[in-house]
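The values are calculated or read from the model by the stated rules, or taken from the named source; none is laboratory data. The shown structure was predicted, so the numbers you read here are calculated from the model rather than taken from an experiment. Here the Cβ positions follow ideal geometry from the backbone for every residue, glycine too, while neighbour counts run over all protein chains shown. SASA here: full protein model, heavy atoms, side chains in, ligands and nucleic acids out. Shrake-Rupley method; radii C 1.70, N 1.55, O 1.52, S 1.80 Å.
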Amino acid sequence: MKADKLLDASGLACPMPIVKTKKEIENMTSGQIIEIHATDKGVKNDFAAWVKASGHKILADEDDNGVFKFWIKKA
């Protein structure tokens, strides 16, 4: 999937992947896609809750040998 921006949050513990994603997505325009890479196992639940509260949408997610990848579309 083609992303407009890539954020590598590998090695960061929650809530930092969410904090950094929120900061990056604020500078994007509606409809753009950010790809996030994270290694914290709790990030899947955190992103699900965050997008529900913020109105953004997870287009896809995958586990690539312990690197959790998300593609989120800005609302």
Checklist entry - How large is ³J(HN,Hα) for each residue in the range 6-22, as worked out from phi by the Karplus curve 6.51 cos²θ - 1.76 cosθ + 1.60 (θ = phi - 60°), to whole Hz, x for Gly and Pro? => result 10, 10, 9, 10, 4, x, 8, 8, 4, x, 4, x, 5, 4, 5, 5, 4
Checklist entry - Taking 0.36 nm per residue of separation and subtracting the Cα-Cα distance, what length does fully extending LYS2 through ASN65 add? => result 20.6 nm
Item to check | Accessible area of the range 1-60 belonging to carbon and sulfur atoms, whole % at 1.4 Å probe | outcome: 53 percent
Next on the checklist: Can you tell me the orientation of helix 43-54 relative to the chain, as the angle in degrees between its alpha-carbon axis and the longest Cα principal axis, to the nearest 10?
Outcome noted: 20 degrees
Checklist entry - Check GLN32: other-chain or 5+ apart residues with amide H under 5 Å from its amide H, H built from backbone geometry? => result LYS74
Checklist outcome for this item: With DSSP loop assignment and no more than 10 other C-beta atoms within 10 Å, the trypsin sites (Lys or Arg not before Pro) in the range 1-42 are LYS2
Checklist outcome for this item: Candidates for log10 I(q)/I(0) by the Debye sum over Cα atoms at q = 0.28 Å⁻¹ are (i) -1.38; (ii) -1.57; (iii) -1.23, and the calculated one carries label (ii)
Item to check | the range 65-70 - phi-based ³J(HN,Hα) in whole Hz, Karplus 6.51/-1.76/1.60, Gly and Pro as x | outcome: 6, x, 9, 8, 10, 10
Next on the checklist: If you count only protein heavy atoms with a 1.4 Å probe, what accessible area per residue comes out for the chain, rounded to a whole Å²?
Outcome noted: 60 Å²
Item to check | Interchain or long-range residues, amide H under 5 Å from LEU7's placed H | outcome: GLU35, ILE36, HIS37
